[in-house]
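Take a look at the structure below.
The values are calculated or read from the model by the stated rules, or taken from the named source; none is laboratory data. Please read these numbers as outputs of a predicted model, since none were measured by experiment. Reconstructed Cβ throughout: ideal geometry from the backbone, glycine too, with neighbour counts over all protein chains shown. These area figures cover heavy atoms from the full protein model, side chains too; ligands, DNA and RNA do not enter into them. Shrake-Rupley method; radii C 1.70, N 1.55, O 1.52, S 1.80 Å.
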Amino acid sequence: MNYIEILQNQVMGMWTGFIAILPNLAIALVVLIITWIVAKFAVRIANKATGKSSMREDLRQLVETVVRLAIWIAGIILALIVAIPGFTPAGLIAGLGIGALAIGFAFQDIFENFLAGVLIMLREKMRIGDLIEVEGVLGKVEKITLRETYVRQLSNELTIMPNSMLFKNAVQILTDDTVRRNEIVVGVSYDADLEEAQRVIEEAMKTVDAIVDDRPIIVYAQEFGGSSIDFLVQWYAQSAARDLRQTKSEAIKAIKKGLDAAGIGIPFPIQTNYFAEPLRIEQVAVEKTAD
């Protein structure tokens, strides 16, 4: 058998078939370009429609993604029908059914994050702009996509987290309410009048402007510390992170100023040593050496 002639015939047949479908490929390319234009304008229309409503920003992004995805899927299928003779959507579904198991294992993480992204966008809590803490990451939600969530940490680093991590793990939403409780521990000396110390701390906290007035300020004698009696001081302030830090600083300054004015000491750590037997003190003579 002349293998070279057979190979040449096969190559020529493939080349002839490629030339024959060139018009179809050109039309398919035009279909993809039209799909891109239609998707672009459809997203703009969707943005205008959702912009006039009270829809959350993450839901707007979900609508934009779904519109773009639906148009592109329809355009790609239409381009395949034009480019490949005999191609039908039913054949595509049948082909996917054969390899569904392999595709599922290969793209398990992608599908998982995709589904988690949709569910995160649909649920009411955790909006864009919220301050959250999850798996040791504390920051503000900047963007939610179908694959990942962008979290800007308080130190300004950007952390990109898979949506499945946010969906499977507990997420603390620190800005879910407009106010948030904060606390510090203040220690006073053992010889201080505790009733007076409590009154001074309460009066000092009332001078902090950032504290919410309609929530109570709590001052409790908490425990006998190693060198002081400790008071637990709790208050409510706006839930923005910078406000909490600033309010805590102002509270510490006000309490220190109030205790100093009342003559109530904030002791340093004190350590008392007990020995089972009395200590012997010996005087050792030191001889002066000549130069």
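Annotations
- Any hit, the stretch 31-45, residues being within 24 Å of TYR150 (Cα to Cα) and among the polar types (S, T, N, Q): no
- Residue count, the stretch 194-229 (criterion: in a strand (DSSP E or B) and more than 35 Å from the chain's Cα centre (by Cα)): 4
- Only one of ILE211, ILE184, ILE201 that is of a type in the set (A, V, I, L, M) and more than 29 Å from GLY139 (Cβ to Cβ): ILE201
- Residue satisfying condition, being under 18 Å from LEU131 (Cα atoms), open to solvent by less than 90 Å² (accessible area, probe 1.4 Å) and modelled with pLDDT of 85 or more, within set MET205, MET161: MET161
- Unmet requirement for ASP191, which otherwise passes all of (1) assigned to a helix (DSSP H, G or I); (2) at pLDDT 85 or above; (3) acidic (Asp, Glu): (1)
- The residue list GLY104, GLY75 contains one member that is on the phi < 0 side of the Ramachandran plot, modelled with pLDDT under 70 and open to solvent by less than 70 Å² (accessible area, probe 1.4 Å), which is GLY104.
- Condition check for GLN198: out of contact with any Asp or Glu (no Cβ under 6 Å at 6 or more places or on another chain) and either touching a residue at least 60 places away in the same chain (Cβ under 8 Å) or surrounded by 14 or more Cβ atoms within 10 Å (Cβ to Cβ) (or both): yes
- Test: residue in the stretch 164-183 that is surrounded by 13 or more Cβ atoms within 10 Å (Cβ to Cβ), β-branched (Val, Ile, Thr), part of a strand (DSSP E or B) and at pLDDT 90 or above: no
- Top-ranked residue in the stretch 21-50 [being under 29 Å from the mean Cα position of the chain (by Cα) and more than 21 Å from GLY117 (Cα to Cα); ranked as modelled with the lowest pLDDT]: ALA49
- Among the conditions (1) at pLDDT below 85; (2) farther than 30 Å from TYR220 by Cβ; (3) not hydrophobic (A, V, I, L, M, F, W, C), the only one that ARG152 does not satisfy is (1).
- Among residues of the stretch 63-79 that are without any contact (Cβ under 8 Å) to a residue 60 or more places away in the chain, those with a Cβ under 6 angstrom from a residue that is among the hydroxyl-bearing types (Ser, Thr, Tyr) and part of a helix (DSSP H, G or I), sequence gap 6+ or separate chain, pair up as VAL63/THR50; GLY75/THR35.
- Selection within the stretch 257-278 - open to solvent by less than 100 Å² (accessible area, probe 1.4 Å) and part of a helix (DSSP H, G or I): GLY258, LEU259, ASP260, ALA261
- Any hit, the stretch 235-254, residues being more than 25 Å from GLU133 (Cα to Cα), open to solvent by 60 Å² or more (accessible area, probe 1.4 Å), in contact with a strand residue (DSSP E or B) (Cβ under 6 Å, 6 or more places away or on another chain) and at pLDDT 90 or above: no
- Of all residues in the stretch 224-234, none satisfies being touching a helix residue (DSSP H, G or I) at 6+ places or on another chain (Cβ under 8 Å), farther than 12 Å from VAL185 by Cα and either open to solvent by less than 20 Å² (accessible area, probe 1.4 Å) or touching a residue at least 12 places away in the same chain (Cβ under 8 Å) (or both).
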